[in-house]
Amino acid sequence: MAKEQEEKRECPECQGRLYRDYARGELICGSCGLVINEKQIDRGPEWRAFDSQERDRRARTGAPINPLLHDKGLSTEIGWKDRDASGSFLPMKKRSQMYRLRQWQRRIRVSGAIERNKMLAFQEIGRVAARLELPKYVKEDAAQIYTRTAERNLIRGRSIESVAAASLYAACRMNHLPRTLDEIAQESTVNRKHIGRTYRLLMRELKMSLEPTSPVDYIPRFCGMLELGRDVELKAIKIIEMAIQQDFTSGRGPTGVAASAIYIATTLMNKRRTQREIAEVTGVTEVTIRNRYKEMVGRLGLEKKMKKAVGVDEDGTV
């Protein structure tokens with residue numbers, strides 16, 4: 001059970017991110033603190049190392065498989081140091097020979113067009129993910145999606161950049177760390193239209209079923225960018241949950257709903273941010289925030305609370 005939850009990377013209570021506490025031997029949810037499993041066995045090495053040289057000297061196995069490399073890191077590589085086993089420099093003739101061997105080694109690692117495309121795509125995924133400050137596991141999922149796409153021969157006739165960006169967008173949604181198409185298009189070399197079209201193709205051909213993005217997924221990131229506290233974040237989440245119960249979010253953009261919920265929460269908590277400040281962070285227009293704000297306040301019956309928060313009486317006097 002614990003292994004299954006860890007593979008899903010979701011908490012069964014709040015769908016939060018799971019992580020291991022190696023000091024206690026527990027599998028814990030980072031959001032609600034639920035202990036999924038305890039008294040786990042540490043399968044890591046029994047030795048300690050304090051620098052890279054000591055780690056390499058004590059290690060008895062090679063590096064783990066890296067899905068962010070086109071060959072998963074299983075191929076060998078000739079070192080760049082022109083020294084022999086005793087540490088002495090090689091003669092000039094041997095150096096020239098080792099240089100040619102390195103050149104051939106680089107060529108052999110890329111066996112065909114698919115391997116070359118994967119190498120370029122993984123570099124593009126890493127570049128865009130670094131600009132968007134995405135964690136490593138999201139990049140690994142994006143690399144796996146791209147690999148499946150290449151194996152199904154769906155890349156033919158499409159640019160590597162568009163498929164890489166669509167794979168990264170799908171990986172973000174899989175891990176509940178959503179980024180909008182505009183954000184990914186801004187850091188990529190292709191426009192929003194091409195990324196969206198390629199993403200729909202991947203969903204259809206790879207038979208991937210992802211749930212619609214919830215406005216709640218955007219709240220922690222937007223509140224962090226606005227330098228708002230945990231209390232405002234929880235208040236905004238509660239407002240969105242009330243809106244979901246009223247079936248208000250259907251047919252509306254999740255970023256617009258999240259932005260208006262943050263605006264309402266900051267007003268109620270007396271930590272106000274202007275609509276322009278929220279619009280610059282969330283990437284939606286001020287008009288959208290105002291429209292969603294009016295609809296949400298009316299649907300949830302928050303008129304009196306909002307008037308009281310801004311210092312306006314029920315008769316309209318200040």
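Could you point to the label whose value was computed as Cα extents along the principal axes in Å for the structure here, given (1) 101, 59, 36; (2) 94, 51, 37; (3) 62, 53, 38?
Here Cα extents along the principal axes in Å agrees with entry (2).
How large is Rg over Rh for the range 215-309, taking Rg from the Cα atoms and Rh as the Kirkwood inverse mean of 1/r across Cα pairs?
Ratio of gyration radius to Kirkwood radius for the range 215-309: 0.91.
Add +1 for every Lys or Arg and -1 for every Asp or Glu among the other residues with Cβ under 12 Å from the Cβ of Glu183, and state the total.
+1
Can you list the residues of the range 182-197 with backbone N under 18 Å from a point 7 Å past the Cα of Thr285, pointing along Cα to Cβ?
From the range 182-197, the list is 182-183.
With springs only between Cα atoms under 10 Å, which of Ser111, Ser260, Ser167 fluctuates most in a Gaussian network model of the chain?
Maximum among the listed residues: Ser111.
Tell me the angle of helix 113-131 to the major Cα principal axis of the chain, expressed in degrees between 0 and 90 and rounded to the nearest ten.
40
List Glu161, Glu286 from most exposed to least, where exposure is judged by having the fewest other Cβ atoms within 10 Å.
Glu286, Glu161
Could you give each residue of the range 280-297 its phi-based ³J(HN,Hα) in whole Hz, using Karplus coefficients 6.51, -1.76, 1.60 with θ = phi - 60°, and x for Gly or Pro?
5, 7, 7, x, 10, 7, 5, 5, 4, 4, 5, 5, 5, 4, 5, 5, 5, 5
Going by alpha carbons, how many degrees (0 to 90, nearest 10) lie between the helix axis of 160-174 and the longest principal axis of the chain?
Approximately 60 degrees, to the nearest ten.
Contact order normalised by length for the chain, with contacts defined as Cα pairs under 8 Å and 6 or more residues apart; what percent is it?
In percent, rounded to a whole number, it is 8.
Expressed in nm to one decimal, what extension gain is obtained for the pair Leu201 and Tyr22 from 0.36 nm per residue of sequence separation less their Cα-Cα distance?
Going from the current span to full extension adds 60.4 nm.
For the pairs Lys81/Lys136; Lys235/Lys305; Lys235/Lys271; Lys271/Lys304, flag any whose C-alpha to C-alpha distance is greater than 23 Å.
Lys81/Lys136
In Å, what Rg and Dmax follow from the Cα atoms of the range 117-205?
11.2, 30
Using the crude model of +1 on Lys and Arg Cβ and -1 on Asp and Glu Cβ, and no other charge, please compute the dipole size for the range 215-309 relative to its Cα centre, in debye to 20.
The dipole magnitude comes to about 420 debye.
Taking the number of other C-beta atoms within 10 Å as the exposure measure, put Met296, Met269 in order starting with the fewest.
Listing Met296, Met269 from fewest to most nearby Cβ atoms yields Met269, Met296.
Hey, any idea what Rg/Rh is for the range 157-299, computing Rh the Kirkwood way over Cα pairs?
Rg/Rh: 1.01.
Check which residues have an amide H placed less than 5 Å from Thr180's amide H, if you skip close sequence neighbours.
Residues meeting the criterion, in which the H sits 1.01 Å from N, do not exist here.
Select from Ala165, Gly283, Leu90 the residue farthest towards the positive end of the dipole of the chain; place +1 on Cβ of Lys and Arg, -1 on Cβ of Asp and Glu, and compute about the Cα centre.
Leu90
So for Phe89, Phe50, fewest C-beta neighbours within 10 Å to most, what's the order?
Phe50, Phe89
Between helix 136-151 and the chain, what is the angle of the helix's C-alpha long axis to the longest principal axis, kept within 0 to 90° and rounded to the nearest 10?
The angle comes out at about 70 degrees.
Once you place label points 7 Å from the Cα toward the Cβ at Glu241 and Ile78, how far apart are they in nm?
6.2
Only the coordinates and a few stated rules stand behind these numbers; no lab work does. Quick caveat, the model's predicted, so the values are computed rather than measured. Cβ coordinates were reconstructed from backbone atoms using ideal geometry, including for glycine residues, and neighbour counts include every protein chain displayed.
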